[in-house]
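Only one structure is covered here, and it is reproduced in the block below.
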Amino acid sequence: METIPVEHGFILAGILFCLGLIGVLTRRNVVFVLMSLEIMLNASGLAFIVAAARWGHAEGQVMFLMILTLAAAEVAVGLGLIIQMFRRFQTVDINVLSEMKG
Amino acid sequence: MILVTLIAVLFVGGLACWLSERFNPDLPRLIALLTVLLDFALMFSLLGAEGTSTWVAVFEAPWISRFGISFYLAADGLSVLLLMLTAFLGVVAIGAAWDEVQERPGFFYFNLLWTLAGVVGVFTALDLFLFFFFWEVMLIPMYLIIAIWGHENKNYAAMKFFIFTQVTGMMMLVSILVLAYFHYLQLGSLSFNYHDLLNVSLTGEMGMWVMLGFFISFSTKLPSMPFHSWLPDAHSQAPTAGSVILAGVLLKTGAYGLIRFAVPLFPEASMAFAPVAMTLAAVSILYCAKVAFAQDDIKRLIAYTSVSHMGFVTLGIYAWNEQALQGAVMTMLAHGLSAAALFMLAGGLQHRIHTRNMPDMGGFWPKVPKMTAVAIFFSVAALGMPGLGNFIGEFLALIGAFQANVTLTVVAAFGLILASVYSLWVLQKVFQGEYNNRGFDDSHLTDLSRREMLYFAAMMIGLVWMGLYPQTFLSMSEPVLAQLLSESAQTLVTSLEGGL
Amino acid sequence: MLELIWLLPTFPLLGFLALVLTGGRLPKQIAGPIGAGSIGLSFAVAALVASEFLNSGLEHFTYEAWVWMSVGGFNPGFTFYLDGLSMVMMLIITGVGFLIHLYATGYMSDDPSFARFFSYMNLFVSAMLMLVLGDNLVLLYLGWEGVGLCSYLLIGFWYTNPANGYAARKAFVVTRVGDTSMAIGLFLLFAQLGTLNIQDMLHAAEMQWSVGSGFAVAASLLLLGGAVGKSAQLPLQTWLPDAMAGPTPISALIHAATMVTAGVYLIARTHPLFEMAPSVQLLVALIGLITLLLSGFTAMTQSDIKRILAYSTVSQIGYMFLGLGVGAWSAAIFHLMTHAFFKALLFLASGTVILSLHHEQNIFKMGGLRKALPVSFFSFLIGSLALTAFPYTSGYFSKDEILLGALELEGVGFWFWLGGVVGAFFTGIYTFRLFFIVFFGDSQAEHPPEKEVGGWHMNGPLILLMILALAGGFIHVPLDAVFNHGEAHGEHHVSGLIHGIMIAVPLLGIAISYLFFMSKTFSVEKLMASALAKKLHAFWFGGWGFDTLYNAVLVSPFLFLARVNRKDIIDSFYALIVSVSQAANALIVKSQTGSLRWYALTVAGGLVVMVSLGAIL
């Protein structure tokens, strides 16, 4: 069986991660920041799966499941916070939302 | 078992005060008073007890056996004396707070009783880990007392108090851990037990550093130069009851620590360090007496005099002979009473006229004759009048210190002159002269009430007793101090032989 | 019977307690009898004990009430020691003290704080008795400090006037300087000899130290420091004239008859120590001589009746020190006793004068009071004669003995004698200057006295003191056992010329005083005309500039230091730590922008840095 080379999987994960990171750094809308964060999480999940497949270990898949759960929980909390933020400040622009300066 | 009861009663009483507040705001003070009185009564059972050694009561239970930590409490004559002082001043402090504390009384008395519990623990703990635990226990409630019920600048003062004691407390913790570790190295097991640690021999530079950890912590609490500067702020901002406990009892834990731990655990390092400690003491006496004289705030003034008087204690401890040590102990007891009384007077004045600024006062004598008489009594006691307790302490400390170091004793003796300068100055500024009212409401300037007189009378009797028949107290601490002296002498001899 | 000695300090102490515990509210009819009566009882006991003691033939008697403290070989007790010396002292204190108390019940009768006054007085007598009866130096020190406290309280008795408070504090602090020296002396004695029991200590000193040894010199010097403080001798004499701010009976009791002579008592009590340090003993004589001359000058220039008497007290104690210094121990104590009589008489009489003139103390606002105030006049006459050592008055015998004692000293003795005689000349001048100005001439009073203040309880003591001042010289003081170790003291053998000089010189002083202030043959104004004389006068009036000197050298620097360092410089070190960490905080705070993107970028950047670092290394 022809297998996809492991490097390809990692490169894809790396590209996804950088895309997510760029999204986090450049987007002003909090919703998109959150989405970009999800992409980064999934990128790392992909890396785990690739690694698991390459070395035939189950831990990688376990970790992916955990990341999945974590991401789900995070999205739930994150969206809830965003709704609260929008209600209080009438905006989701993170440049405006900089209350926590020293 | 009695020792555990002493501590437990205070802890439980404190909780009861807190909980009872919701039923009736007058209930906490009553509960607090009864609790401390009960504790006081229980302490009398320690008086008759006679053990085979100097320890009259011992309680030991395993706690964290893995690390050699046990719940080890024990009391000897020295502890008992200080325990009784603690309970007595506890009663006095509650009396001082009786009318003054109106805001959240339940929580106030909770903190007061827990502080006292911590102090009782400190005076009885013989496991160093446990000792450190109680050391912290008495710190935090005191911080809250200053921070919540204090005066205009309370947050600053409370924070200063906390940081000073906490930072130096950490140094002590490090020293304790190093000591336990050396016990492991030398004797094969970890132990925090006082008696075990006495067998550890830490010499040379290491011993000096570990000893300094203890010394700095204790001399901050005492306080001695140059670690004294938290005290004037803490005292001037604390509510009266806080000042009473602080000056009367908390400072004594520092002196107790020096006598019980710092010197006996490191006799060699302490002997080497003694000239420095005695110099600090002598400088402390003179310097703080001079600064005291310049203060306008009457509570700050008394606070500085406290530092000055505590110098005699350090001087006595590091002279390390029988007269000097007895002098240190007597000074601790007598100063406990006299400083507490002076703070109560200052607090009473502040409660009546809402100022502590002495230039605004003057000529109060005809208005408050009883208060004046009491103030004269305690000022005179503080300046070391023979026949009152402070004299016995200071005289013994000096006569002992003279045998150890002539020059420093002579320097320290000049403190007697300065003491008279500032004591009489306070009397002049507040009570003598023409009646002076610079813009405060004097409608509440009334003489001492019966309740206040009762407290002051009790303290006066205590001081006269100490002054005329100090043997009662001296004979309680005598066997303890004799043993400490002989033990440290033995260690010194052994280490000398080992050196040869 | 001798055991009753413990009652001596107890009665006044009970009186004090009774007056204080009632809050000073007792009416005069009760407070007066308690105050004076307790001293009267004490005197009765003292007389009883004294006669018993003399009859018993004992050299000394010890009564231990209880052990004060016992700490590793240091065990002073509340132990009373009776011998000739302490017997004389206790009789003076209770006897003269009782008369003064009695007088004070009249003098103070208009004062609202009557009971408070007597409470202090009683405490004073109690402490003074402890001082002279204590068999160890610690108990002596208790009395020593106790009398100092009472002196402070009584000088500042009229506390509404800040000047009185100042005088009181000055007295206390200056004597405290001496006390501290004495305390250090006690430490030294204990450290070297292992006991503070006076007799044991003296024996031990004789055993261990040789004459002139360093320890003996140091110990006696330190004790001397205490003595000069309490007895207002050079260089600590400045407090006594100011102490006259107190009520006049206080000046009589504390600042003339008893407390200020405590220093003399101390030196006499520890005289073997001083004999072992001849250089210090010489210093005692020298201090006495200089003090008596300086204060003699000052007394001639004063205008306040009480200050004149105060300086004369300093001067007379100077004679006692001179006596001690030349080894005429008995003579010094004898002079202490006669001085107590005539100086108490003079002070009490001046009290009557002051009260009769509605609290006028300036002698130049008196004058011609001879007729109006007969009792005071006679009191002053007899007191002044005794003070100037007029033949066969009490002062004559005692001063003679001191001067003859000085003459017996080899070498410098003659100069001491000469100085003492010159001092006697001044005494004659200033004493009778006061006497003539106050009682003769024209009345200068703003409020001429209507009648002399008096009554039996004021005049009675005056009359008794007059008798004592006149005849006190014939009292035999049983001091041989104390000072000469049982051998009777030989009579002085001196030529008639010396005797003649000693009688004539004071008379000459009186005569000069007469010519200046009575007959006005010589004029003071002429004498004062030159600028130099004015300067000298001002200098002497201010007590030889000692106050100015101490203010400049000691008080002002202390006040300056105190003021400069009010904020406690050590605290600013901790404040520095605080401000450093606050500044650091302000720096770091800048990086906390609150922008999420910035944080994410730093996290990413940090990651990149760490990964690349890992890759490189």
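When the Cα positions of C:L253, C:S279, C:L188 are compared along the charge dipole of the protein assembly as shown, C:L253 comes out farthest toward the positive end, with charges on each C-beta of Lys, Arg, Asp and Glu. Volume of the convex hull of chain C (Cα atoms only), normalised per residue: 267 Å³. Note on B:326-332: average number of Cβ atoms from other chains within 10 Å of each residue's Cβ is 1. Binning the C-alpha pair distances of the protein assembly as shown at 20 Å intervals from 0 yields a P(r) profile of 10, 33, 29, 16, 6, 4, 1, 0 %, listed from the shortest bin outward.
This model, with +1 at the C-beta of Lys and Arg and -1 at the C-beta of Asp and Glu, gives chain C a dipole about its Cα centre of some 2400 debye. For the protein assembly as shown, the residue among B:F377, B:L463, C:I498 whose Cα projects farthest onto the positive side of the dipole built from Cβ charges is B:F377. Counting only alpha carbon atoms, the long axis of helix C:214-230 and the longest principal axis of chain C meet at about 80°.
Computed 3J(HN,Hα) for the range C:252-268, one whole-Hz value per residue from the Karplus formula 6.51 cos²θ - 1.76 cosθ + 1.60 where θ = phi - 60°, is 5, 6, 8, 9, 9, 8, 10, 4, 5, 8, 4, x, 4, 4, 4, 5, 5, glycine and proline marked x.
With respect to chain C, whose longest principal axis is taken over its alpha-carbon atoms, helix C:198-208 is tilted by about 80°. Other protein chain C-beta atoms within 10 Å of residue C-beta, averaged over B:419-426: 4. When only the Cβ of Lys, Arg, Asp and Glu is charged (+1, +1, -1, -1), the dipole of the range B:2-499 relative to its Cα centre reaches about 780 debye.
Shown for C:M108, C:M466, A:M35: other C-beta atoms within 10 Å of each C-beta, ranked fewest to most, produce the order A:M35, C:M466, C:M108. Tell me the angle of helix C:456-471 to the major Cα principal axis of chain C, expressed in degrees between 0 and 90 and rounded to the nearest ten. Here the helix axis deviates by roughly 70 degrees. Screening chain B for whole DSSP H helices of 30 Å or more along their axis (Cα) with average Kyte-Doolittle hydropathy at least -0.5 returns B:27-48, B:77-100, B:128-149, B:154-187, B:267-294, B:298-319, B:322-353, B:406-430, B:471-499. Amide hydrogen proximity for C:A277: with H placed 1.01 Å from N in the peptide plane, the residues at 5 or more positions away or on another chain lying under 5 Å are C:G212. Arranged from fewest to most other beta-carbon atoms within 10 Å of their beta carbon, C:H339, C:H60 become C:H60, C:H339. Translational diffusion coefficient of chain A (Stokes-Einstein, Kirkwood radius from Cα pairs, 4 °C, 1.567 mPa s): 85 µm²/s. With each run of n ≥ 4 DSSP H residues scored as -39500 (n - 2.57), what mean residue ellipticity at 222 nm is computed for chain B after dividing by its residue count and rounding to the nearest 500 deg cm²/dmol? After summing the helix terms and dividing by the residues of chain B, the value is -25500 deg cm²/dmol. Using the average count of surrounding beta-carbon atoms within 10 Å as a protection proxy, the listed peptides B:263-275, B:239-251 rank, highest first, as B:239-251, B:263-275.
Convex hull volume of the C-alpha atoms in chain B, normalised per residue: 131 Å³.
Charge dipole of the protein assembly as shown (Cα centre as origin; +1 on each Lys and Arg Cβ, -1 on each Asp and Glu Cβ, all else neutral): 3320 debye, rounded to the nearest 20. The peptide list C:549-559, B:172-182, B:328-338, put in order of mean Cβ contacts within 10 Å with the highest first, becomes B:328-338, B:172-182, C:549-559. Ignoring lysines fewer than eight residues from B:K221 along the same chain, the ones with Cα atoms less than 29 angstrom from its Cα are B:K154, B:K160, B:K252, B:K290, B:K299, C:K567. For C:S443, C:S151, C:S51, the sequence from fewest to most other C-beta atoms within 10 Å is C:S51, C:S443, C:S151.
The separation of the range C:221-250 from the range C:423-469, counted between C-alpha centres, amounts to 24 Å. So which lysines can C:K365 reach, going by Cα to Cα under 19 Å and dropping same-chain residues fewer than 8 places off? Once the sequence-local lysines are set aside, what remains near C:K365 is C:K306, C:K451, C:K520. In percent, rounded to a whole number, the relative contact order of the range B:2-499 is 14, using alpha-carbon pairs under 8 Å and six or more apart.
For B:S229, no residue has an amide H sitting under 5 Å from its own, ignoring neighbours fewer than 5 places away on the same chain, with H placed 1.01 Å from N. Farthest towards the positive end of the charge dipole of the protein assembly as shown, among the residues B:H235, C:G134, B:P386, is the Cα of B:H235, using unit charges on the Cβ of Lys, Arg, Asp and Glu. Counting only other chain Cβ atoms within 10 Å of each residue's Cβ, the peptide C:557-565 averages 3.
Computed from the coordinates by the stated procedures, all read-outs in this text should not be read as laboratory data. Worth saying up front: this structure is predicted, and the values here are computed from it rather than measured. Neighbour counts are summed over all protein chains in view; Cβ atoms, including those assigned to glycine, are modelled from backbone coordinates with ideal geometry.
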